Amino acid sequence: MPPDFLPGLDLSRALYTEAVAPLLRSEHPGLPHAAALVGSGSEVLGLDTERSTDHGWGPRLQLFVAGPDERSRVLDLLDDRLHGRVRGWPVRFAADSGPPQTWRPDADAPDGRHRVEVVGLGGWFVAGLGFDPRQGVATADWLATPTQRLAEVVGGAVFHDSTGDLTRSRRALGWYPDDVWRYVLACQWQRVSQEEAFVGRCAEVGDGLGARVVAARLVRDLMRLALLLSRNYPPYSKWLGSAFARLPGARALSPLLARALDAEPGALADACALVGEQQNRTGLAERLDTRPRPFHERPWPVLDAARFTRALMARVEDPELTGRSPVGAVDQFVDNTDALTRPGVFRALGP
């Protein structure tokens, strides 16, 4: 039987404190390094469950070591001496019989390998983000980086950081500067404004399926908007609902969004109004009336979300953002997994 499940962040912390750190103290005392679990994986977002253990899950972490010679020596040490189990889970993985490049913990596999990634911090950042935040984060860097990638860097946990470089980098990426935040929010409201009146129109002509398709797009945009207003980087689709459900305002919003998915224009307008009130509380822009209103002379209400776009943009002072078209950060105008997971692509698509 497999060991009892425990969250991956706890398991990774145990891997470091109980297995890796003692080896380092014994063989490389005083070695400057950082240890963390960051990057990809449901456990980094704190959303892993027992189901996650069926592939690619187990004791793993990153060790950030500065010099290539030091990295080589640490890796040799771990390859040679990191064996056994942590909290009942094998620290060695074997190739899975499922999709290529997936691994499962297996202490008895003759070709088993540990999953302690020994890397340089700058190289790891460039491989994941396309830039090294230790050199500064420009406006263009913020706009070219998908929110999922930012969530992966600032999520997870740091178990040790003797130089402080990783901690400072995570802090630098913790949230957008205010003007970038305003711009990203403005562009998210712009997306809502462009389709908020379509649900009622589709329903009016008897296109129930089309109305639901539009409603689903808008509900997704409002969930992302609520996360952004709460200073949370929206994750990719699998975990968007789970991340949204953690928000303090989710209990009030969720029933309205569920009704909006049934193509109820009134519920959609009321949901928009609640998100509008959330923006008013941030103080990022002029406070606006959030009461739904008619769309021209048509019998269904809307928020007129473009007002929120204009109010936010009126407060933007960053010269790289003033006058910019409201298309937003890269994942506000690109919806392709391959593009949003490849730094060479998403950096090229950014501003």
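Tabulated results
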read-out	value
Hey, PRO146 under 17 Å from PRO351 (Cα atoms), touching a Phe, Trp or Tyr at 6+ places or on another chain (Cβ under 9 Å), touching a residue at least 24 places away in the same chain (Cβ under 8 Å) and not assigned by TED's automatic domain parsing to the domain that holds VAL275 or not	yes
Within the range 265-296, tally of residues that are without any contact (Cβ under 8 Å) to a residue 12 or more places away in the chain and under 12 Å from ALA197 (Cα atoms)	3
Subset of the range 131-168 [among the small types (Gly, Ala, Ser), surrounded by fewer than 19 Cβ atoms within 10 Å (Cβ to Cβ) and not in a loop (DSSP other than H, G, I, E, B)]	ALA140, ALA157
Hits in the range 169-197 - residues which are within 19 Å of PRO292 (Cα to Cα) and not in a helix (DSSP H, G or I)	GLU196, ALA197
Conditions (1) more than 25 Å from PRO146 (Cα to Cα); (2) out of contact with any Gly (no Cβ under 8 Å at 6 or more places or on another chain): number failed by SER40	(1)
Residues located in the range 5-29, provided they are farther than 15 Å from GLY41 by Cβ, touching a residue at least 24 places away in the same chain (Cβ under 8 Å) and not in a loop (DSSP other than H, G, I, E, B)	ALA14, TYR16, THR17, GLU18, ALA19, VAL20, ALA21, LEU23, LEU24, GLU27
Residues of the range 44-81 classified as under 22 Å from the mean Cα position of the chain (by Cα) and free of Cβ contacts under 8 Å to residues at least 60 places away in the same chain, total	13
Number of positions in the range 15-64 that are more than 24 Å from SER169 (Cβ to Cβ), among the hydrophobic types (A, V, I, L, M, F, W, C) and buried (at least 20 other Cβ atoms within 10 Å of the Cβ)	2
Condition broken by TRP300, with the remaining ones in (1) part of a loop (DSSP other than H, G, I, E, B); (2) surrounded by 13 or more Cβ atoms within 10 Å (Cβ to Cβ); (3) modelled with pLDDT under 95 satisfied	(1)
Leading residue by the ranking (modelled with the lowest pLDDT) among those in the range 303-351 that are among the small types (Gly, Ala, Ser) and part of a loop (DSSP other than H, G, I, E, B)	GLY350
The range 236-275: number of residues that are among the small types (Gly, Ala, Ser) and within 23 Å of ALA306 (Cβ to Cβ)	8
Single unsatisfied condition, TYR183 versus (1) hydroxyl-bearing (Ser, Thr, Tyr); (2) touching a Lys or Arg at 6+ places or on another chain (Cβ under 8 Å); (3) surrounded by fewer than 19 Cβ atoms within 10 Å (Cβ to Cβ)	(3)
Residues being surrounded by 18 or more Cβ atoms within 10 Å (Cβ to Cβ) and assigned to a helix (DSSP H, G or I) - total across the range 117-127	3
Qualifying residue in the range 88-102 (condition: under 20 Å from THR163 (Cβ atoms) and either modelled with pLDDT under 80 or within 25 Å of the chain's Cα centre (by Cα) (or both))	no
Helices (runs of 4 or more DSSP H) (entirely within the range 198-293) containing at least 3 residues that are touching a strand residue (DSSP E or B) at 6+ places or on another chain (Cβ under 9 Å)	198-204, 265-282
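Residue-wise test of (1) farther than 14 Å from ASN232 by Cα; (2) of a type in the set (Asp, Glu); (3) not assigned by TED's automatic domain parsing to the domain that holds LEU229.
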position	(1), (2), (3)
PRO133	yes, no, yes
ALA140	yes, no, yes
GLY155	no, no, yes
THR163	yes, no, yes
LEU166	yes, no, yes
VAL184	no, no, no
GLN190	yes, no, no
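The values are calculated or read from the model by the stated rules, or taken from the named source; none is laboratory data. Note that the structure is predicted; figures quoted are calculated from it, not measured. Positions of Cβ are generated from backbone atoms using ideal geometry, with glycine treated the same way; all protein chains shown enter the neighbour counts.
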